[in-house]
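Quick notes on the structure that follows.
The values are calculated or read from the model by the stated rules, or taken from the named source; none is laboratory data. Small disclaimer: the values here were computed from a predicted structure and weren't measured. Neighbour counts run over all protein chains shown; Cβ positions are idealised from the backbone, glycine included.
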Amino acid sequence: MARYSDVSAAEVQQFLHGIDYPARKNDLIKKARDNGASDDVMSVLNDFPDQDFNSPVDVSKAIGGLR
């Protein structure tokens with residue numbers, strides 16, 4: 001399991017390049033997988049709440065909520 005402090009919001013955003021918002025958790029996971037995200041990034045995304053994410057700011061807030 002990833003330690004959330006080891007994964008930055010910027011790193012997660014890098015693997016979400018090209019995603020269209022709003023997006024569901026599963027959309028984020030699929031885009032990150034398609035973009036070659038590391039296991040640590042995938043672990044963080046898998047632990048996100050199942051909700052709509054309207055922007056990269058929402059993704060950053062979710063990361064902050066896991067710490």
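For a quick check of your reading of the model, give me the residue pairs whose first member lies in segment 39-63 and is closer than 11 Å to LEU28 by Cβ, whose second is of a type in the set (S, T, N, Q) and at pLDDT 95 or above, with beta-carbon atoms closer than 6 Å and at least 6 apart or on different chains.
PRO56/GLN13
Restricting attention to segment 32-67, which residues are hydrophobic (A, V, I, L, M, F, W, C) and in a helix (DSSP H, G or I)? Full working, then the answer.
Within segment 32-67, the first condition is being hydrophobic (A, V, I, L, M, F, W, C), and the residues that meet it are 32, 37, 41-42, 44-45, 48, 53, 57, 59, 62-63, 66.
Those that are hydrophobic (A, V, I, L, M, F, W, C) and in a helix (DSSP H, G or I): ALA32, VAL41, MET42, VAL44, LEU45, VAL57, VAL59, ALA62, ILE63, LEU66.
Taking segment 5-31, which residues are part of a helix (DSSP H, G or I), under 11 Å from the mean Cα position of the chain (by Cα) and of a type in the set (D, E, K, R)?
Scanning segment 5-31 gives GLU11, LYS25, ASP27, LYS30, LYS31.
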